[in-house]
Amino acid sequence: MARPKLYSFWRSSCSWRVRWVLAMKGVECDVQSIDILQGGQNDPAFRAKNPVGYVPALVLKDGRCLGESLAILEYLEALAPEPALYPRDPWLRARVQQLVSLVATGIQPLQNTNVLDRVDPSRGEARVTWAAHYNARGLAAYEKWLEIIHAETGSKGPYSVGDTLTMADIFLVPQVFSARFFRVDVSAFPRVLAAEAAARAEPHAEAARPENQPDAPKQ
């Protein structure tokens, strides 16, 4: 029987989240690169699977395709509940979901390639200025929320919520990478950096990183 196939791009933060959780959950799949910088997302064969043309997209063994990283990750969490990426406590679970939503809807979409192409079709400095602004604004909010969450739970971190890795950290790490890519001074966010460092020390974290993907440019 064919294995699931993940359509991914090495530098896509959404793809990174899914690669990480697939590895954590022990779900083996084939990976096919979609080069979104060269317009690979507009290929009719890929659009037939995922009409919006975004990566990642996960094609299951039976041929069904699931798009959007959050939907894929929720499916994987239900499919393989351990290790759990959400706390059992309803309030803490909601806190994790809040941070996930902040990244997934309030930061990352504003730096998508198709958005930046509208901001600056010439792919000049205006793209960096735009993306840096929204990354900095979003991470500043994330930092403040960590202060609030850690105070209400009595936690000293370093993870975003509680004392173990959660889905919030899975979303945070690629976003910090993106912020650095767009030249944001992330030293202003010490709690964010502590959570990032703790998450990156987890098993499977390095293997999921962009530079370790087969389609990443060779140094």
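Quick rundown of the values:
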| quantity | calculated |
| --- | --- |
| Which listed pairs, of Lys49/Lys218; Lys5/Lys144; Lys5/Lys25; Lys25/Lys61, have C-alpha distances above 26 Å, in listed order | Lys49/Lys218; Lys5/Lys144 |
| Spherically averaged projected area in nm², based on the convex hull that wraps the Cα atoms of region 15-82 | 4.5 |
| Dipole moment magnitude, nearest 20 debye, region 86-145 about Cα centre, only Lys, Arg, Asp, Glu C-beta charged | 200 |
| Chain lengthening between Val52 and Glu152 when straightened (0.36 nm per residue, less Cα-Cα) | 32.0 nm |
| Whole-percent pair-distance distribution, where bins are 5 Å wide, for the alpha carbons of the chain | 1, 7, 14, 19, 20, 17, 11, 7, 3, 1, 0 |
| Positive-end residue, region 167-219 charge dipole about Cα centroid, Cβ charges, pick of Leu193, Phe182, His204 | Phe182 |
| Size of electric dipole in the chain: Cβ of Lys, Arg +1 and of Asp, Glu -1, about Cα centre, debye, nearest 20 | 260 |
| Trypsin sites (Lys or Arg not before Pro) lying in DSSP loop within region 29-80, provided at most 13 other Cβ fall within 10 Å | Lys61, Arg64 |
| All-pairs Cα distance distribution in region 151-200, expressed in whole percent, bin size 10 Å | 27, 54, 18, 1 |
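Values quoted throughout were computed directly from the atomic coordinates according to the rules given, and no laboratory measurement underlies them. Please read these numbers as outputs of a predicted model, since none were measured by experiment. So basically every Cβ, Gly included, is an ideal-geometry build from the backbone, and we count neighbours across all protein chains shown.
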